[in-house]
Amino acid sequence: MAKNETQVAVKGNTAVALATDFEQDASGGFGEMTQEDFALPFLRLLTSTSPEVGERDGALPGMILNTVTGELHDGKAGITVIPCAYVRQYIEWAPRGMGSGAPLNIYPATSDILTRTHREPGDNKDYLDTGNYIENTANHYVMVLDQEGMPSPALITMKSTQLKKSRKWNSMMMSTKMMGKNGPYTPPMYSQLYRLTTQAESNDKGKWYGWEVERIGPVDDMNVYQAAKAFSSSVASGDVKVKHQDEAEGTQKQVF
């Protein structure tokens, strides 16, 4: 065996041995970490005024950005996700350009906060007397599947014009039926795969990119299903902490 071939063989054997050790030591070093130590990625739509466009190679309007990994997804090709949980909230923000960029308050969907707001002429935002405004926000917690089918958690927020997309998606999920031993039933949210793409939209006040949702079919990998189910349970129990941030000018704030 030639020297180069021997080196390749040795490296190959070492890689196999290391992989075995990696598996035996799975999750090692993470024992002291809690949900407070992790950042849940947001999946956001880029527009022409998003700061990433023009500053990052390959970043174009209509792409989907993972805010933690920085990964960009082509909007036309889209991403494959498993919806795991849904939470609607009213989020209070300071006027643009003021404050820290973090929410001032987050109210549950049962709140009557909108009864204490008003709208300015020509503006569809709901303002409090303080000048702060309230956004009706649909939070879709999902597992994103990469090209190898590996799942990772993320959050998609839909607001303003995208609320109708959220309602459509919710209706799609609720109307999905499967046949069981006792007849048709509604499968769990986290049992189905969806393709999310982006599409240019406009009205008389501006242009932006919005979501398009298409159902693919049921999850066919038990490990992926169990991961999605566990994430759903974590959201329901309150273990998943979300740190909302005021999105950059034009990144969904451009919608009316």
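The values are calculated or read from the model by the stated rules, or taken from the named source; none is laboratory data. Model, not experiment: these values are computed from the prediction. When we count neighbours, we look across all protein chains shown, and the Cβ atoms used for this are built from the backbone with ideal geometry, even at glycine.
Among the residues of the range 203-218, is there at least one that is in contact (Cβ under 8 Å) with a residue 60 or more places away in the chain, farther than 30 Å from ASN124 by Cβ, aliphatic (A, V, I, L, M) and touching a strand residue (DSSP E or B) at 6+ places or on another chain (Cβ under 7 Å)? The answer is yes, given that some residue of the range 203-218 is in contact (Cβ under 8 Å) with a residue 60 or more places away in the chain, farther than 30 Å from ASN124 by Cβ, aliphatic (A, V, I, L, M) and touching a strand residue (DSSP E or B) at 6+ places or on another chain (Cβ under 7 Å). Can you name the condition, by its number, that MET98 falls short on among (1) hydrophobic (A, V, I, L, M, F, W, C); (2) surrounded by 13 or more Cβ atoms within 10 Å (Cβ to Cβ); (3) at pLDDT below 95? With respect to (1) hydrophobic (A, V, I, L, M, F, W, C); (2) surrounded by 13 or more Cβ atoms within 10 Å (Cβ to Cβ); (3) at pLDDT below 95, MET98 is out only on (2). Of the residues making up the range 138-180, those that are hydroxyl-bearing (Ser, Thr, Tyr) and loosely packed, with under 13 Cβ neighbours inside 10 Å number 2. Quick one: which residue in ALA77, ALA85 is in contact (Cβ under 8 Å) with a residue 60 or more places away in the chain and crowded, with 17+ Cβ neighbours inside 10 Å? Going through ALA77, ALA85 in turn, the sole match is ALA85.
Screening the range 130-153 for residues that are over 20 Å from GLN89 (Cα atoms) and not polar (S, T, N, Q) and picking the one that is farthest from the chain's Cα centre (by Cα) gives GLU148.
Residues checked against (1) under 30 Å from THR49 (Cβ atoms); (2) modelled with pLDDT under 95:
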| residue | (1), (2) |
| --- | --- |
| TYR190 | no, no |
| LEU196 | yes, no |
| TYR225 | no, no |
| GLU247 | yes, yes |
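Within the range 231-244, residues that are β-branched (Val, Ile, Thr) sit with their Cβ atoms under 8 Å from residues that are in a helix (DSSP H, G or I), at 6+ positions apart or across chains, in these pairs: VAL240/GLN35; VAL240/PHE231; VAL240/SER234.
When LEU65, LEU114 are screened for being at pLDDT 85 or above, in a helix (DSSP H, G or I) and in contact with a strand residue (DSSP E or B) (Cβ under 7 Å, 6 or more places away or on another chain), only LEU114 passes. Looking for whichever is buried (at least 19 other Cβ atoms within 10 Å of the Cβ) and either modelled with pLDDT of 90 or more or not in a strand (DSSP E or B) (or both) here; the options are VAL242, VAL255. Which one fits? It is VAL255.
If you filter the range 26-58 down to residues that are among the β-branched types (Val, Ile, Thr) and at pLDDT 85 or above, you find that the one that is surrounded by the most Cβ atoms within 10 Å (Cβ to Cβ) is THR47. Out of all the residues in the range 74-128, which are under 30 Å from GLN192 (Cα atoms) and of a type in the set (A, V, I, L, M)? The answer is ALA77, ILE79, VAL81, ILE82, ALA85, VAL87, ILE91, ILE106, ALA109. Scanning for something on the phi < 0 side of the Ramachandran plot, more than 18 Å from the chain's Cα centre (by Cα) and modelled with pLDDT under 95, does the range 160-167 turn up at least one residue? Looking for residues that are on the phi < 0 side of the Ramachandran plot, more than 18 Å from the chain's Cα centre (by Cα) and modelled with pLDDT under 95, one finds none in the range 160-167, hence no. Comparison of ALA154, ALA94, ALA138 shows that the only residue that is touching a helix residue (DSSP H, G or I) at 6+ places or on another chain (Cβ under 6 Å), in contact (Cβ under 8 Å) with a residue 24 or more places away in the chain and small (Gly, Ala, Ser) is ALA138.
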